[in-house]
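Working notes, beginning with the structure itself.
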Amino acid sequence: MPEGHHILGEKSAEASSRPAVYDRLAAHYDRAFRPLERWCLNRWRARLLSELPEGGRLLEVGAGTGLNFAHYPRGASGAASEFSIEMLRRASEKPRPADVHLVQTRAEQLPFADHSFDAAFATLVFCSVDSPAAAFAELRRVVRPDGVVALLEHVRPGGALLGSVFDQLSRFTVWLFRDHFNRRTAEEAARAGLRVERIEQHLFGVVQLIICRV
Ligand SMILES: C[S@@+](CC[C@H](N)C(=O)[O-])C[C@H]1O[C@@H](n2cnc3c(N)ncnc32)[C@H](O)[C@@H]1O
């Protein structure tokens with residue numbers, strides 16, 4: 001286990017300094033997402049996590065209720081981190097690899113030493129982190145050089161019309177869930193110094209699998 005961690009139950013002062021919107025959503029999250037999971041999300045999760053090395057030290061950021069645990073590669077160890085204690089509590093009820101620890105922390109300030117992980121990943125998280133730039137800087141720091149950073153995110157689609165629809169939608173979703181529907185996540189990752197190797201587009205570019213290297 002990487003050093004300097006706060007596991008579930010040992011609340012970090014930083015992580016619990018303000019209430020998370022997701023604390024309120026946690027009880028309904030799995031049920032609300034079930035139709036989407038069946039239609040496409042579960043398949044995309046499996047696809048994304050197949051990019052991670054077997055037997056690697058992994059960091060999941062914004063692990064939520066643990067819906068990715070079923071797809072972790074064989075022999076995974078490391079940390080599933082999450083900001084909301086209520087989401088984390090639900091995650092703790094799902095089976096996960098024995099050497100993967102639950103850690104309450106913000107993505108923008110990770111309590112891990114430099115180069116602690118072989119790879120990091122996040123699904124549907126960079127739409128809601130307060131500072132994508134700070135979170136990507138942290139991923140660059142804690143993942144070893146040439147390690148993978150893999151993302152499944154909904155983003156601002158290209159095209160003037162669809163893009164501006166998402167700009168308008170975002171005003172509403174930020175107010176409601178602090179969820180930005182017009183983030184340009186691959187560009188943010190590149191701006192933070194990650195090498196964006198591949199982007200797979202789904203749903204007219206609204207959903208992207210973004211594969212980067214440190
Ligand atoms: C839409 S949910 C996705 C959860 C999970 N990754 C999934 O695919 O089901 C977004 C998650 O990101 C977490 N989150 C939001 N901002 C965060 C931050 N700054 N640091 C860590 N986690 C954060 C939320 O608490 C929430 O659990």
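For the reader, a short list of remarks on this structure follows.
- Residue match in region 185-192 (condition: at negative phi and either over 17 Å from the mean Cα position of the chain (by Cα) or not in a helix (DSSP H, G or I) (or both)): yes
- Enumeration of residues in region 160-189 that are of a type in the set (G, A, S), in contact (Cβ under 8 Å) with a residue 12 or more places away in the chain and out of contact with any Phe, Trp or Tyr (no Cβ under 6 Å at 6 or more places or on another chain): G163, A186
- Criterion: more than 24 Å from R45 (Cβ to Cβ) and in contact with a Leu (Cβ under 8 Å, 6 or more places away or on another chain) - qualifying residue of R213, R191, R141, R171: R141
- The C-beta contact set for region 103-117 (first residue over 18 Å from R89 (Cα atoms), second residue within 15 Å of the ligand (Cβ to nearest atom) and among the polar types (S, T, N, Q), distance under 6 angstrom, 6+ apart or interchain) comprises E108/S131; P111/T105.
- Selection of region 26-69 for residues being touching a residue at least 40 places away in the same chain (Cβ under 8 Å), surrounded by fewer than 19 Cβ atoms within 10 Å (Cβ to Cβ) and in contact with a helix residue (DSSP H, G or I) (Cβ under 6 Å, 6 or more places away or on another chain) yields an empty set.
- Complete set of residues in region 84-101 that are over 19 Å from S128 (Cβ atoms), in contact (Cβ under 8 Å) with a residue 40 or more places away in the chain and among the aliphatic types (A, V, I, L, M): V100
- Of all residues in region 53-94 being part of a loop (DSSP other than H, G, I, E, B) and acidic (D, E), the one that is nearest to Y29 (Cα to Cα): E93
- Within region 161-176, none of the residues are surrounded by 19 or more Cβ atoms within 10 Å (Cβ to Cβ) and within 18 Å of the chain's Cα centre (by Cα).
No value in this document is a laboratory result; all are computed from the given coordinates. What you see is a predicted model, and the numbers here were worked out from it, not measured in a lab. Positions of Cβ are generated from backbone atoms using ideal geometry, with glycine treated the same way; all protein chains shown enter the neighbour counts.
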